1. In the set 74, 31, which member is modelled with pLDDT of 95 or more, among the polar types (S, T, N, Q) and either surrounded by 10 or more Cβ atoms within 10 Å (Cβ to Cβ) or out of contact with any Leu (no Cβ under 8 Å at 6 or more places or on another chain) (or both)?
2. Restricting the search to region 49-79, which residues are acidic (Asp, Glu) and either assigned to a helix (DSSP H, G or I) or within 30 Å of residue 23 (Cα to Cα) (or both)?
3. Do we find a residue being modelled with pLDDT under 95, in contact with a helix residue (DSSP H, G or I) (Cβ under 8 Å, 6 or more places away or on another chain), hydrophobic (A, V, I, L, M, F, W, C) and not in a loop (DSSP other than H, G, I, E, B) anywhere in region 80-87?
Amino acid sequence: MAESGSVTITLPGEARDRLRELEGKTSPSATALITDATAEVVARELETIAAIEEGLADVRDGRVQAHEQVMAETRALIERYRTGGAA
(Lines give C-alpha, C1' and ligand atoms only; values in the text may rest on other atoms or scores of the structure.)
Protein backbone atom coordinates (compact mmCIF):
# COMPACT_ATOMS: atom_id res chain seq x y z
CA MET A 1 0.00 0.00 0.00
CA ALA A 2 1.17 3.51 -0.79
CA GLU A 3 2.40 5.72 1.98
CA SER A 4 -0.22 8.06 3.49
CA GLY A 5 0.01 11.81 3.25
CA SER A 6 -2.10 14.69 4.36
CA VAL A 7 -3.77 17.51 2.48
CA THR A 8 -5.53 20.53 3.89
CA ILE A 9 -8.76 21.62 2.23
CA THR A 10 -11.09 24.52 2.80
CA LEU A 11 -14.76 23.68 2.49
CA PRO A 12 -17.43 26.29 1.89
CA GLY A 13 -19.66 26.69 4.95
CA GLU A 14 -22.60 24.74 3.54
CA ALA A 15 -20.41 21.82 2.47
CA ARG A 16 -18.73 21.78 5.88
CA ASP A 17 -22.10 21.80 7.63
CA ARG A 18 -23.44 19.01 5.43
CA LEU A 19 -20.32 16.94 6.05
CA ARG A 20 -20.76 17.38 9.79
CA GLU A 21 -24.42 16.36 9.44
CA LEU A 22 -23.45 13.25 7.49
CA GLU A 23 -20.75 12.42 9.99
CA GLY A 24 -23.33 12.60 12.77
CA LYS A 25 -25.68 10.23 10.95
CA THR A 26 -23.15 7.61 9.85
CA SER A 27 -20.32 5.76 11.48
CA PRO A 28 -17.37 6.98 9.36
CA SER A 29 -15.58 10.10 10.52
CA ALA A 30 -15.49 13.21 8.37
CA THR A 31 -11.88 12.37 7.56
CA ALA A 32 -12.84 8.86 6.42
CA LEU A 33 -15.71 10.23 4.33
CA ILE A 34 -13.44 12.78 2.64
CA THR A 35 -10.71 10.18 2.09
CA ASP A 36 -13.13 7.70 0.49
CA ALA A 37 -14.80 10.35 -1.64
CA THR A 38 -11.47 11.70 -2.85
CA ALA A 39 -10.19 8.23 -3.73
CA GLU A 40 -13.37 7.52 -5.72
CA VAL A 41 -13.22 10.80 -7.63
CA VAL A 42 -9.53 10.39 -8.44
CA ALA A 43 -10.05 6.80 -9.64
CA ARG A 44 -13.03 7.82 -11.80
CA GLU A 45 -11.18 10.78 -13.31
CA LEU A 46 -8.13 8.64 -14.12
CA GLU A 47 -10.40 6.05 -15.79
CA THR A 48 -12.01 8.83 -17.83
CA ILE A 49 -8.64 10.19 -18.91
CA ALA A 50 -7.48 6.68 -19.87
CA ALA A 51 -10.63 6.17 -21.98
CA ILE A 52 -10.12 9.53 -23.70
CA GLU A 53 -6.49 8.70 -24.42
CA GLU A 54 -7.53 5.31 -25.83
CA GLY A 55 -10.09 7.02 -28.07
CA LEU A 56 -7.53 9.53 -29.28
CA ALA A 57 -5.13 6.69 -30.08
CA ASP A 58 -7.92 4.95 -32.04
CA VAL A 59 -8.48 8.10 -34.08
CA ARG A 60 -4.75 8.62 -34.59
CA ASP A 61 -4.33 5.00 -35.75
CA GLY A 62 -7.38 5.05 -38.02
CA ARG A 63 -9.58 2.73 -35.94
CA VAL A 64 -12.74 4.71 -36.63
CA GLN A 65 -16.01 4.36 -38.53
CA ALA A 66 -18.02 7.06 -40.19
CA HIS A 67 -20.93 8.32 -38.09
CA GLU A 68 -23.33 7.71 -40.97
CA GLN A 69 -22.25 4.06 -41.22
CA VAL A 70 -22.68 3.47 -37.49
CA MET A 71 -26.11 5.12 -37.48
CA ALA A 72 -27.27 3.11 -40.50
CA GLU A 73 -26.18 -0.13 -38.84
CA THR A 74 -27.84 0.88 -35.58
CA ARG A 75 -31.12 1.79 -37.29
CA ALA A 76 -31.10 -1.52 -39.18
CA LEU A 77 -30.51 -3.43 -35.95
CA ILE A 78 -33.33 -1.60 -34.17
CA GLU A 79 -35.66 -2.25 -37.09
CA ARG A 80 -34.82 -5.99 -37.04
CA TYR A 81 -35.72 -6.14 -33.35
CA ARG A 82 -38.95 -4.21 -33.91
CA THR A 83 -40.06 -6.59 -36.64
CA GLY A 84 -39.06 -9.69 -34.69
CA GLY A 85 -36.07 -10.54 -36.85
CA ALA A 86 -32.86 -12.08 -35.55
CA ALA A 87 -29.95 -9.89 -34.62
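The values are calculated or read from the model by the stated rules, or taken from the named source; none is laboratory data. No experiment lies behind these values; they were computed from the predicted model shown. So basically every Cβ, Gly included, is an ideal-geometry build from the backbone, and we count neighbours across all protein chains shown.
1. Within the list 74, 31, the selection yields 74.
2. Passing the criteria: 53, 54, 58, 68, 73, 79.
3. Within region 80-87, none of the residues are modelled with pLDDT under 95, in contact with a helix residue (DSSP H, G or I) (Cβ under 8 Å, 6 or more places away or on another chain), hydrophobic (A, V, I, L, M, F, W, C) and not in a loop (DSSP other than H, G, I, E, B).
Here is a yes/no grid of residues against (1) exposed (fewer than 10 other Cβ atoms within 10 Å of the Cβ); (2) assigned to a helix (DSSP H, G or I); (3) free of Cβ contacts under 8 Å to residues at least 24 places away in the same chain:
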| site | (1), (2), (3) |
| --- | --- |
| 6 | yes, no, yes |
| 11 | no, no, yes |
| 18 | no, yes, yes |
| 47 | no, yes, yes |
